[in-house]
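*Asks:* Please see the structure below; I have some questions.
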Amino acid sequence: MAKNRDDLTNHDYDGIQEYDNDLPPWWIFIFYLSFVFALIYLLNYHVFRTAPLQSQEYAMEMEMARAELAAIEASASARLPLAFMDKVTDLETGKQIFTKYCVPCHGPDGGGTVGPNLTDHYFLHGNTVEDYFNVISLGVPEKGMIPWNKTLSRREILQVASYIQNRLQGSIPANPKEPQGTPLDQRISMLWGN
Amino acid sequence: MQTTIYYDNKIVRNFAWATVLWGIVGMLVGVLIAVQLFLPEANLNTPYTTYGRIRPLHTNAVIFAFVGNAIFMGVYYSLQRLLKARMWSDALSQINFWGWQLIIVAAALTLPLGYTSSKEYAELEWPIDIAITIIWVVFGLNLIMTILNRREKHMYVAIWFYIATFVTVAVLHIVNSFELPLTLFKSYSYYAGVQDALVQWWYGHNAVAFFLTTPYLGLMYYFLPKVAQRPVYSYRLSIIHFWSLIFIYIWAGPHHLLYSSLPEWAQSLGVVFSIMLIAPSWGGMINGLLTLRGVWDKVREDPVLKMMVVAITGYGMATFEGPMHSLKSVNALSHFTDWIPAHVHVGTLAWNGMFTFAVLYYIIPKIFRTELYSLRLANAHFWLSTIGLVFWVVAMYWSGITQGLMWKQFTSEGTLQYPNFLETVIQIIPMYMVRALGGGIYLVGALIMAYNLIRTAASGHLVSNEPAIVPDRNPNAHETASWHRRLEGKPALFSILVTLAILIGGIVEFLPTFLVKSNIPTLSSVKPYTPLELHGRDVYIKEGCVGCHSQMIRPFRSETERYGEYSKAGEFIYDHPFLWGSKRTGPDLHRVGGKYPDSWHYNHMMVPERMSPGSIMPAYPWLAENLIDTSLTKDMVSAMRTLGVPYAKQTTADASALLDQQAAQITERLKKDGIIAHNHSEMVALIAYLQRLGIDIRQSTTRQINTP
């Protein structure tokens, strides 16, 4: 503890007196240390440029992400064939994804609200697995369908597509929206069975 | 030679009751908005009590009404005694009091009505801004004239802080309030985009510094040694931490804009000056706490001292945490989350709230010449405040860190783990409940205090004019004194030096941002808003959407995956005011344009839960009924032209036609989805604005934009 110096006691403000103690050494140390930090920080980012600025930092992060995604792409799970799935577990997962993301626009049973009816055999953007995959992953922004490729993985997109194709197509929704798009050839739709 | 003068206690009493009243009102509104975050229906289904509009009512009430009145109370009480002089002018004191209360009432009426500039802690519209300026100058004049008429040779450290408060708040308020009036209660910020953001956070940060901190340090230097009856620990520490605090504080504003579109040199200045603030801030804390050496036994018993200790400790914690948030790595996680309100509330609930309570418990018995009605109730209040505070901040630290981590989490497949923003909200709703509980407990404490103080006052009687025997005039000067001691006897010079100290930081950061073009690279594809979008933007401002939604996508993979390309400085050059926001209770909206169909927005505004099950956004059914004022359209476009937005002359003339044309397109699209909307409804204007957000820099856009 620094010594108390009472030479200010002749100064008294409404009864308040002041000591004139020395500054605590640790306090002075912190103060000086913060100057050193400031100097090094500014030199580091703006003079020697040894640390990345935010746009460089972002570029680095994205570079790493690309490498990571390429590795994932190369791995087995990503080489998933572009084909409808028929395993019950996949269809169940597809149903969960549908309930979580698709219901606000397509209705709980796929009958359509803001978005089109998914149960009838009229198609706006085709009915092949590629069509399903493209519409879900890239969306149809001008009509309000959001791209889902940032949200859902390749597997999840195929699962929800399979659920729609396998379970919703041909089902009878409570409040079906009027058909939109091109009707599918009756013959082909019969082949689909259900 | 000695003489008898009379201290004005009546003005102190007025400010004291105003402090109690507005404190309770402000906290009550705080609890109400806290409840709305888990129970949106608690908005009572009216626009006037919905989160977006009354969140600013809460912040303004607790900052300017509660703390503001407390500052005046404490200054008017301590200044007279420290200078051995009655306030220079009773008339000015009265104008200060009633003017300030009128401003508060004006705020309490206009904010719920949706009259807001949208700039945080500066939401009040231009006529009120002018009134604030006048009343603040009245206060300053009274302060300075009292100092000049003092019977004490030197100014005590508390008064240095009062001077710094007066000067800096005046500068901050005037510079940040540059705005172009459109109507009596609507104006547009003079600054745009990045510049507006820089000015706003220079203001916002230093409002915390010079409204919530420096005046309270002044109060601490008077009331703490008074209550503890101990000498202040160190005079030289007072000098060093005072000057370093006011000089350094002013530079730190940009730390509110890290990883934003603000030029990075300015961001870095914000970082390093925040770190350099630790010692000056802690200088105040240790000078307070070390003053209590030798009386800690008293602290255990006296609720007033206990409150002061928690207040000062809270100040120390908040001023350490602030600089930590200024580190990029911490900020990357904490910004836009509940971690920030947690940090803020350590400062406000502990430092400002508890210190105010302590001062009230000290002053009321003094001026009513009586004893405190109940020490037990004061003790209960101390514990309720402390427990309420702990509930509040622990819940929000928890929720902030949880949500921040969830936003950034990727799956092993390389997609966001929680792509649906709502999932991260639902996760933290229990914490929102705990926060509201904490706030409620704190409020109950304040109510108990009000009862205790009223009973105290009733048991005594006000000494309106308290006699004091003082020396006739200035006592002999100490010619041998140190340079600073001599400076303490020269208030004019002192004030000039304070002004210089607080101007430097702002000037260094502002001038290059305003004058050097390369700081805000323009983008040729960015065009001004259409007339309908301008109206929609005003609706967005009026409803306080910015209170929950940011418009600033930061350059992180987790944000560009979720929201799209990160925000560029050049995208905001026509934004008067900027709407970057400071908190994401809902998702960022900077690239929401074109993401959803118009009908999605319509349905979402009417019943958010229909499009986003579990959403805590309130419903905005009135948007479909309220009409925009199309008689203002032309004036809005001209106002923007005056502010430098390059509309063609023709656009002003054709404003109404352009508006109708775009509105018709939207209602047409809505009709296709079975929705009938009024062309001039606020809803259609807001949809137009939302669909425009962030799309100008897209490579290819399928949506037709009506460029003016």
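The values are calculated or read from the model by the stated rules, or taken from the named source; none is laboratory data. Remember, it's a predicted structure, so these values are computed and weren't measured experimentally. Cβ coordinates were reconstructed from backbone atoms using ideal geometry, including for glycine residues, and neighbour counts include every protein chain displayed.
*Asks:* Does B:Thr168 fit the bill of being touching a Ser or Thr at 6+ places or on another chain (Cβ under 8 Å) and hydroxyl-bearing (Ser, Thr, Tyr)? Lay out the reasoning, then the answer.
*Replies:* Numbers: touching a Ser or Thr at 6+ places or on another chain (Cβ under 8 Å): yes; hydroxyl-bearing (Ser, Thr, Tyr): yes.
When the stated conditions are applied, B:Thr168 passes them.
*Asks:* Additional query: If you go through region A:128-157, how many residues are part of a helix (DSSP H, G or I), at the interface with another protein chain (Cβ under 8 Å from one of its Cβ atoms) and of a type in the set (Ser, Thr, Tyr)?
*Replies:* Within region A:128-157, residues that are part of a helix (DSSP H, G or I), at the interface with another protein chain (Cβ under 8 Å from one of its Cβ atoms) and of a type in the set (Ser, Thr, Tyr) number 0.
*Asks:* Here's something else I'd like to know. May I ask you to verify whether B:Ala318 is buried (at least 21 other Cβ atoms within 10 Å of the Cβ) and of a type in the set (Gly, Ala, Ser)?
*Replies:* Values: buried (at least 21 other Cβ atoms within 10 Å of the Cβ): yes; of a type in the set (Gly, Ala, Ser): yes.
When the stated conditions are applied, B:Ala318 passes them.
*Asks:* So if I check each of B:Leu113, B:Leu102, which one is modelled with pLDDT of 95 or more, not in a helix (DSSP H, G or I) and not β-branched (Val, Ile, Thr)? Write out each step before concluding.
*Replies:* Numbers: B:Leu102 fails: not in a helix (DSSP H, G or I).
Criteria check complete, one pass: B:Leu113.
*Asks:* Does B:Phe38 satisfy being aromatic (Phe, Trp, Tyr), assigned by TED's automatic domain parsing to the domain that holds B:Tyr203, touching a residue at least 12 places away in the same chain (Cβ under 8 Å) and not in a helix (DSSP H, G or I)?
*Replies:* On the way: aromatic (Phe, Trp, Tyr): yes; assigned by TED's automatic domain parsing to the domain that holds B:Tyr203: yes; touching a residue at least 12 places away in the same chain (Cβ under 8 Å): yes; not in a helix (DSSP H, G or I): yes.
In short, yes.
*Asks:* Let me ask another. What are the residues in region B:234-261 that are among the aromatic types (Phe, Trp, Tyr) and modelled with pLDDT of 95 or more, if any? First the steps, then the outcome.
*Replies:* Step one: of region B:234-261, the residues among the aromatic types (Phe, Trp, Tyr) are B:235, B:242-243, B:247, B:249, B:251, B:259.
Residues satisfying the conditions are B:Phe242, B:Trp243, B:Phe247, B:Tyr249, B:Trp251, B:Tyr259.
*Asks:* Moving on to the next point. For the structure I just gave you, tell me whether B:Tyr574 is over 19 Å from B:His256 (Cα atoms), among the hydroxyl-bearing types (Ser, Thr, Tyr) and either buried (at least 22 other Cβ atoms within 10 Å of the Cβ) or touching a helix residue (DSSP H, G or I) at 6+ places or on another chain (Cβ under 9 Å) (or both).
*Replies:* Numbers: over 19 Å from B:His256 (Cα atoms): yes; among the hydroxyl-bearing types (Ser, Thr, Tyr): yes; either buried (at least 22 other Cβ atoms within 10 Å of the Cβ) or touching a helix residue (DSSP H, G or I) at 6+ places or on another chain (Cβ under 9 Å) (or both): yes.
Yes, satisfied.
*Asks:* Okay, next question. How many of the residues making up region B:613-625 are surrounded by 19 or more Cβ atoms within 10 Å (Cβ to Cβ) and in a loop (DSSP other than H, G, I, E, B)? Step through it out loud before you land on a result.
*Replies:* Applying the first criterion (surrounded by 19 or more Cβ atoms within 10 Å (Cβ to Cβ)) to region B:613-625 yields B:615-620, B:623.
Adding the requirement that they be in a loop (DSSP other than H, G, I, E, B) leaves B:615-620.
The total comes to 6.
*Asks:* Something else now. Which of the numbered conditions does B:Arg554 fail, given that it passes all the others? Conditions: (1) within 14 Å of chain A (Cβ to nearest Cβ); (2) over 30 Å from B:Leu57 (Cβ atoms).
*Replies:* Tallying (1) within 14 Å of chain A (Cβ to nearest Cβ); (2) over 30 Å from B:Leu57 (Cβ atoms), B:Arg554 fails exactly one: (2).
*Asks:* Next up: Which of (1) surrounded by 22 or more Cβ atoms within 10 Å (Cβ to Cβ); (2) part of a helix (DSSP H, G or I) is the odd one out, the single condition B:Ser244 does not satisfy?
*Replies:* (1)
Conditions tested, residue by residue: (1) in a loop (DSSP other than H, G, I, E, B); (2) touching a helix residue (DSSP H, G or I) at 6+ places or on another chain (Cβ under 7 Å); (3) hydrophobic (A, V, I, L, M, F, W, C).
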position	(1), (2), (3)
B:Thr499	no, yes, no
B:Val508	no, no, yes
B:Ser518	no, no, no
B:Ser524	yes, no, no
B:Leu532	no, yes, yes
B:Asp538	no, no, no
B:Arg562	no, no, no
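*Asks:* Of the residues that make up region B:52-59, is at least one surrounded by fewer than 24 Cβ atoms within 10 Å (Cβ to Cβ), among the small types (Gly, Ala, Ser) and modelled with pLDDT of 95 or more?
*Replies:* No, region B:52-59 contains no residue that is surrounded by fewer than 24 Cβ atoms within 10 Å (Cβ to Cβ), among the small types (Gly, Ala, Ser) and modelled with pLDDT of 95 or more.
*Asks:* Answer yes or no as to whether B:Ser274 is surrounded by fewer than 24 Cβ atoms within 10 Å (Cβ to Cβ), outside any loop (DSSP other than H, G, I, E, B) and either touching a residue at least 24 places away in the same chain (Cβ under 8 Å) or touching a Leu at 6+ places or on another chain (Cβ under 7 Å) (or both). I'd like the intermediate steps shown before the answer.
*Replies:* Numbers: surrounded by fewer than 24 Cβ atoms within 10 Å (Cβ to Cβ): no; outside any loop (DSSP other than H, G, I, E, B): yes; either touching a residue at least 24 places away in the same chain (Cβ under 8 Å) or touching a Leu at 6+ places or on another chain (Cβ under 7 Å) (or both): yes.
No, not satisfied.
*Asks:* Related question: Listed residues B:Ser93, B:Ser78; which is at pLDDT 95 or above and either part of a loop (DSSP other than H, G, I, E, B) or more than 14 Å from chain A (Cβ to nearest Cβ) (or both)? Please lay out each step first, then the result.
*Replies:* Working: B:Ser78 fails: either part of a loop (DSSP other than H, G, I, E, B) or more than 14 Å from chain A (Cβ to nearest Cβ) (or both).
Just a single option satisfies the conditions, and that option is B:Ser93.
*Asks:* Can you tell me which condition A:Lys177 does not meet? The list is (1) assigned to a helix (DSSP H, G or I); (2) within 14 Å of another protein chain (Cβ to nearest Cβ), and all the others hold.
*Replies:* Among (1) assigned to a helix (DSSP H, G or I); (2) within 14 Å of another protein chain (Cβ to nearest Cβ), the lone unmet condition for A:Lys177 is (1).
*Asks:* Go through region B:639-654 and give me each residue that's surrounded by fewer than 16 Cβ atoms within 10 Å (Cβ to Cβ) and either without any contact (Cβ under 8 Å) to a residue 24 or more places away in the chain or out of contact with any Leu (no Cβ under 8 Å at 6 or more places or on another chain) (or both). Spell out how you get there, then give the answer.
*Replies:* In the first step, residues of region B:639-654 are kept if they are surrounded by fewer than 16 Cβ atoms within 10 Å (Cβ to Cβ); the result is B:642, B:644, B:646, B:648-650, B:653.
Residues satisfying the conditions are B:Gly644, B:Pro646, B:Ala648, B:Lys649, B:Gln650, B:Ala653.
*Asks:* Which of (1) surrounded by 13 or more Cβ atoms within 10 Å (Cβ to Cβ); (2) in contact with a Phe, Trp or Tyr (Cβ under 9 Å, 6 or more places away or on another chain); (3) at the interface with another protein chain (Cβ under 10 Å from one of its Cβ atoms) does A:Ser55 not meet, given it meets every other one?
*Replies:* If we test A:Ser55 against (1) surrounded by 13 or more Cβ atoms within 10 Å (Cβ to Cβ); (2) in contact with a Phe, Trp or Tyr (Cβ under 9 Å, 6 or more places away or on another chain); (3) at the interface with another protein chain (Cβ under 10 Å from one of its Cβ atoms), just (1) comes out false.
*Asks:* Next up: In region B:92-105, is there at least one residue being in the same structural domain as B:Tyr190 (by TED's automatic domain parsing), touching an Asp or Glu at 6+ places or on another chain (Cβ under 7 Å), over 21 Å from B:Val208 (Cα atoms) and surrounded by fewer than 23 Cβ atoms within 10 Å (Cβ to Cβ)?
*Replies:* So in region B:92-105, the residues in the same structural domain as B:Tyr190 (by TED's automatic domain parsing) come out as B:92-105.
Remaining after also requiring touching an Asp or Glu at 6+ places or on another chain (Cβ under 7 Å): B:93.
Going one step further and asking which of them are over 21 Å from B:Val208 (Cα atoms), we end up with B:93.
Going one step further and asking which of them are surrounded by fewer than 23 Cβ atoms within 10 Å (Cβ to Cβ), we end up with none.
No, region B:92-105 contains no residue that is in the same structural domain as B:Tyr190 (by TED's automatic domain parsing), touching an Asp or Glu at 6+ places or on another chain (Cβ under 7 Å), over 21 Å from B:Val208 (Cα atoms) and surrounded by fewer than 23 Cβ atoms within 10 Å (Cβ to Cβ).
*Asks:* Filter region A:25-42 down to the residues that are more than 42 Å from the chain's Cα centre (by Cα) and more than 7 Å from chain B (Cβ to nearest Cβ), then identify the one that is surrounded by the most Cβ atoms within 10 Å (Cβ to Cβ).
*Replies:* Taking the candidates together, the pick is A:Ile28.
*Asks:* Something else: Specify the residue that is modelled with the lowest pLDDT; the eligible residues are those in region A:61-79 that are surrounded by 12 or more Cβ atoms within 10 Å (Cβ to Cβ) and within 18 Å of B:Tyr259 (Cβ to Cβ).
*Replies:* So, considering only residues that are surrounded by 12 or more Cβ atoms within 10 Å (Cβ to Cβ) and within 18 Å of B:Tyr259 (Cβ to Cβ), the one modelled with the lowest pLDDT is A:Ala65.
*Asks:* Does any residue of region B:168-180 turn out to be outside any loop (DSSP other than H, G, I, E, B), more than 30 Å from B:Lys568 (Cα to Cα) and of a type in the set (A, V, I, L, M, F, W, C)?
*Replies:* Checked region B:168-180: at least one residue is outside any loop (DSSP other than H, G, I, E, B), more than 30 Å from B:Lys568 (Cα to Cα) and of a type in the set (A, V, I, L, M, F, W, C).
*Asks:* Can you tell me which residue within region B:410-450, out of those that are free of Cβ contacts under 8 Å to residues at least 24 places away in the same chain and of a type in the set (Val, Ile, Thr), is nearest to B:Val67 (Cα to Cα)?
*Replies:* If we take residues in region B:410-450 being free of Cβ contacts under 8 Å to residues at least 24 places away in the same chain and of a type in the set (Val, Ile, Thr), then B:Thr424 is nearest to B:Val67 (Cα to Cα).
*Asks:* Let me ask you something else. Could you tell me which residue of region B:508-547 is modelled with the lowest pLDDT, considering only residues that are within 19 Å of B:Tyr259 (Cα to Cα) and among the hydrophobic types (A, V, I, L, M, F, W, C)?
*Replies:* Out of the qualifying residues, it is B:Ile520.
*Asks:* Yes or no: region B:225-236 includes at least one residue that is of a type in the set (D, E, K, R) and either buried (at least 24 other Cβ atoms within 10 Å of the Cβ) or more than 14 Å from chain A (Cβ to nearest Cβ) (or both). Reasoning before the result, please.
*Replies:* Restricting attention to region B:225-236, the residues satisfying the condition of being of a type in the set (D, E, K, R) are B:226, B:230, B:236.
Imposing the further condition that a residue be either buried (at least 24 other Cβ atoms within 10 Å of the Cβ) or more than 14 Å from chain A (Cβ to nearest Cβ) (or both) reduces the set to none.
Looking for residues that are of a type in the set (D, E, K, R) and either buried (at least 24 other Cβ atoms within 10 Å of the Cβ) or more than 14 Å from chain A (Cβ to nearest Cβ) (or both), one finds none in region B:225-236, hence no.
*Asks:* Name the single residue, out of those in region A:91-120 being of a type in the set (Val, Ile, Thr) and within 15 Å of A:Asn166 (Cα to Cα), that is nearest to the other protein chains (Cβ to nearest Cβ). Before the answer, list the steps.
*Replies:* First, the residues of region A:91-120 that are of a type in the set (Val, Ile, Thr): A:93, A:97, A:99, A:103, A:113-114, A:119.
Subsequent filtering for residues that are within 15 Å of A:Asn166 (Cα to Cα) retains A:93, A:97, A:119.
Working: A:Thr93: 14, A:Ile97: 11, A:Thr119: 19 Å.
The qualifying residue nearest to the other protein chains (Cβ to nearest Cβ) is A:Ile97.
*Asks:* Filter region B:601-623 for residues that are in contact with a Ser or Thr (Cβ under 6 Å, 6 or more places away or on another chain) and within 11 Å of chain A (Cβ to nearest Cβ) and give the result.
*Replies:* Of the residues in region B:601-623, the ones in contact with a Ser or Thr (Cβ under 6 Å, 6 or more places away or on another chain) are B:608-609, B:618.
Listed by number, the residues that qualify are B:Pro608, B:Glu609.
*Asks:* Across region B:277-321, which residue is nearest to the other protein chains (Cβ to nearest Cβ) among those that are acidic (Asp, Glu) and without any contact (Cβ under 8 Å) to a residue 24 or more places away in the chain? Walk me through how you get there before you give the answer.
*Replies:* So in region B:277-321, the residues acidic (Asp, Glu) come out as B:297, B:301-302, B:321.
Now narrow it down to the ones that are without any contact (Cβ under 8 Å) to a residue 24 or more places away in the chain: B:297, B:301.
On the way: B:Asp297: 18, B:Glu301: 21 Å.
Restricting to residues being acidic (Asp, Glu) and without any contact (Cβ under 8 Å) to a residue 24 or more places away in the chain, the top hit is B:Asp297.
*Asks:* In region B:211-221, is there at least one residue being modelled with pLDDT of 95 or more, outside any helix (DSSP H, G or I) and more than 14 Å from every other protein chain (Cβ to nearest Cβ)?
*Replies:* At the first step, the residues of region B:211-221 found to be modelled with pLDDT of 95 or more are B:211-221.
From the residues that got through so far, the ones that are outside any helix (DSSP H, G or I) too are B:212-213.
Now drop any that are not more than 14 Å from every other protein chain (Cβ to nearest Cβ), which leaves B:212-213.
Yes; the residues of region B:211-221 include at least one that is modelled with pLDDT of 95 or more, outside any helix (DSSP H, G or I) and more than 14 Å from every other protein chain (Cβ to nearest Cβ).
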